[in-house]
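The structure under discussion appears below in the form of structure tokens.
The values are calculated or read from the model by the stated rules, or taken from the named source; none is laboratory data. Computed from a predicted model, the values in this text were never measured in an experiment. Counting neighbours? That spans all protein chains shown, and the Cβs are built from the backbone with ideal geometry, glycine included.
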Amino acid sequence: MIEKKRYHVYIGTYTDQSLPGIWQCSYDSRLGTLKSVDRVSGILNPSYLTVDEKHNRLYAVSESAEGRVVAFDIEGGTGKLSYRNTQSTLGGAPCHLTVDHEGKYLFVVNYMGGNVCLFPILSEGNIGNMSDNVRHYSNVEQQGRQEAHPHSAIVDPTNQFVVVSDLGLDKIIIYKLNREEHKLTFNDEVMERSGSGPRHFVFHPFRKYAYVMNELTSTITAFTYNAEQGSLGKIQTVSALPDSFTGESYGADIHVAPNGKFLYASNRGHDSIAVFKIDEESGVLTNVEYTPTNGRTPRNFAIAPDGNFLLVANQDSDSIVSFKIDQHTGRLKQTDNVIQITKPVCIKFGSVIRE
């Protein structure tokens with residue numbers, strides 16, 4: 001029998017500043033259901049969130065022409081958000097952010113600004129003044145096609161390196177975090193095929209593999225990861241779409257199940273979750289199935305901490321749909337659990353709710 005736990009869950013959305021933008025929900029781990037608890041307004045397009053569970057904090061971008069990042073305290077017990085402070089990201093359309101594993105640094109990427117920002121997090125939880133601002137530039141071959149568009153920043157398992165996927169440059173750039181000077185130092189880079197558009201990146205939870213979702217070609221590239229050197233080695237590239245599909249679709253989000261056996265990726269247009277089995281010895285992906293998301297434009301999704309359910313944010317049908325995960329096959333089975341939220345684009349699990 002599955003042990004019942006409830007979690008705080010936070011939903012980022014596209015919304016006007018005067019309307020609720022961050023939704024707080026409670027999640028029932030036995031049923032895979034979400035229930036709305038509270039909403040926070042006052043932020044224009046809080047489209048991406050990150051939770052520092054260790055310190056009970058939440059950080060959100062304001063994805064706008066004059067980008068900002070906002071800090072909140074998470075109140076113990078209730079899980080409600082209490083505003084702390086905000087900082088400019090010195091660039092337009094911040095679309096992703098994350099904290100390091102110690103909760104001391106915040107990394108933000110600006111899609112339109114083409115820059116990667118580093119903020120120290122002060123002891124009380126405020127976002128400190130920006131300590132580094134790394135700009136990406138197009139090279140000669142890419143000028144006229146696309147400018148730099150960093151789309152995600154992911155901290156590696158050692159907490160020493162930060163992996164930035166740049167959709168415009170078709171590059172994955174790895175920076176080393178210099179904690180003494182509070183700076184990002186270039187370490188290595190990997191080129192994806194021209195026109196691929198690397199978007200979101202994920203590390204395997206316990207093996208030396210990593211994967212990137214390429215938005216423009218709807219492909220996934222698998223890598224080996226050398227944690228000592230902070231470098232990637234390509235293994236394979238596979239399509240996230242079925243061979244029979246001929247329509248328009250763009251890759252979005254990517255996650256590995258907590259058990260490390262399966263990888264999931266979302267397709268906007270095909271409106272599906274692609275499921276792959278991960279070979280433990282090689283990291284190679286083998287397709288299992290493509291599951292319709294029962295909604296339009298699955299921009300983001302999240303796997304519950306126990307790995308039993310997957311929640312999909314369907315941006316253009318204003319819904320979050322729950323799917324049961326088969327632990328043996330990785331296949332998804334749609335449940336009847338749907339919650340209506342306006343333009344949901346990010347789902348983040350918080351701490352367990354103490355009963």
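I'd like to verify a number: residues in region 45-89 that are part of a loop (DSSP other than H, G, I, E, B) and either more than 26 Å from H151 (Cα to Cα) or among the polar types (S, T, N, Q) (or both), how many?
Applying the first criterion (part of a loop (DSSP other than H, G, I, E, B)) to region 45-89 yields 45-48, 56, 63-67, 75-80, 89.
Remaining after also requiring either more than 26 Å from H151 (Cα to Cα) or among the polar types (S, T, N, Q) (or both): 45, 47, 56, 64, 75-80, 89.
Adding up the residues that qualify gives 11.
Can you tell me which residue is farthest from the chain's Cα centre (by Cα) among those in region 29-73 that are of a type in the set (K, R) and closer than 26 Å to A93 by Cα?
Ranking the candidates gives R39 first.
For region 225-244, which positions are part of a strand (DSSP E or B), farther than 16 Å from V164 by Cα and among the hydroxyl-bearing types (S, T, Y)?
The answer is T237, S239.
Give S47, S62, S88 a once-over and let me know the one that is of a type in the set (S, T, Y), closer than 23 Å to F119 by Cα and touching a Cys at 6+ places or on another chain (Cβ under 7 Å).
Values: S62 fails: touching a Cys at 6+ places or on another chain (Cβ under 7 Å); S88 fails: touching a Cys at 6+ places or on another chain (Cβ under 7 Å).
Being of a type in the set (S, T, Y), closer than 23 Å to F119 by Cα and touching a Cys at 6+ places or on another chain (Cβ under 7 Å) holds for just one of S47, S62, S88, which is S47.
Please name all residue pairs, on different chains or six or more residues apart, with Cβ atoms under 6 Å, provided the first residue is in region 308-330 and is farther than 18 Å from I254 by Cα and the second residue is of a type in the set (A, V, I, L, M, F, W, C).
Partner pairs satisfying both residue conditions: S319/V338.
From D73, D16, grab the single residue that is within 29 Å of G113 (Cβ to Cβ), surrounded by fewer than 24 Cβ atoms within 10 Å (Cβ to Cβ), touching a Lys or Arg at 6+ places or on another chain (Cβ under 7 Å) and not basic (K, R). Working first, answer last.
Values: D16 fails: touching a Lys or Arg at 6+ places or on another chain (Cβ under 7 Å).
Step by step, each of D73, D16 is checked, and only D73 is within 29 Å of G113 (Cβ to Cβ), surrounded by fewer than 24 Cβ atoms within 10 Å (Cβ to Cβ), touching a Lys or Arg at 6+ places or on another chain (Cβ under 7 Å) and not basic (K, R).
Against the definition (outside any strand (DSSP E or B) and out of contact with any helix residue (DSSP H, G or I) (no Cβ under 9 Å at 6 or more places or on another chain)), how does G251 come out, yes or no?
Criteria not met by G251.
How many residues, within region 273-332, are surrounded by fewer than 23 Cβ atoms within 10 Å (Cβ to Cβ) and part of a loop (DSSP other than H, G, I, E, B)?
Matching residues across region 273-332 total 22.
Looking at (1) closer than 24 Å to L90 by Cβ; (2) modelled with pLDDT of 95 or more, which one does D16 not meet, given that it meets all the others?
(2)
Six or more apart or on different chains, Cβ under 7 Å: which pairs go from a residue in region 30-42 that's closer than 17 Å to L19 by Cβ to one that's modelled with pLDDT under 95? Could you list them?
Every condition considered, the pairs that remain are R39/P20; V40/P20; S41/S18; S41/L19; S41/P20; G42/Q17.
Identify all residues within region 105-133 that are surrounded by fewer than 20 Cβ atoms within 10 Å (Cβ to Cβ) and without any contact (Cβ under 8 Å) to a residue 60 or more places away in the chain; write none if there are none.
M112, L122, S123, E124, N126, G128, N129, M130, S131, N133
Residue under question is H255, and the condition is that it be more than 23 Å from G350 (Cβ to Cβ), touching a residue at least 24 places away in the same chain (Cβ under 8 Å) and surrounded by fewer than 23 Cβ atoms within 10 Å (Cβ to Cβ); does it hold? Can you show your working first?
Values: more than 23 Å from G350 (Cβ to Cβ): no; touching a residue at least 24 places away in the same chain (Cβ under 8 Å): yes; surrounded by fewer than 23 Cβ atoms within 10 Å (Cβ to Cβ): yes.
For H255, the condition - more than 23 Å from G350 (Cβ to Cβ), touching a residue at least 24 places away in the same chain (Cβ under 8 Å) and surrounded by fewer than 23 Cβ atoms within 10 Å (Cβ to Cβ) - is not met.
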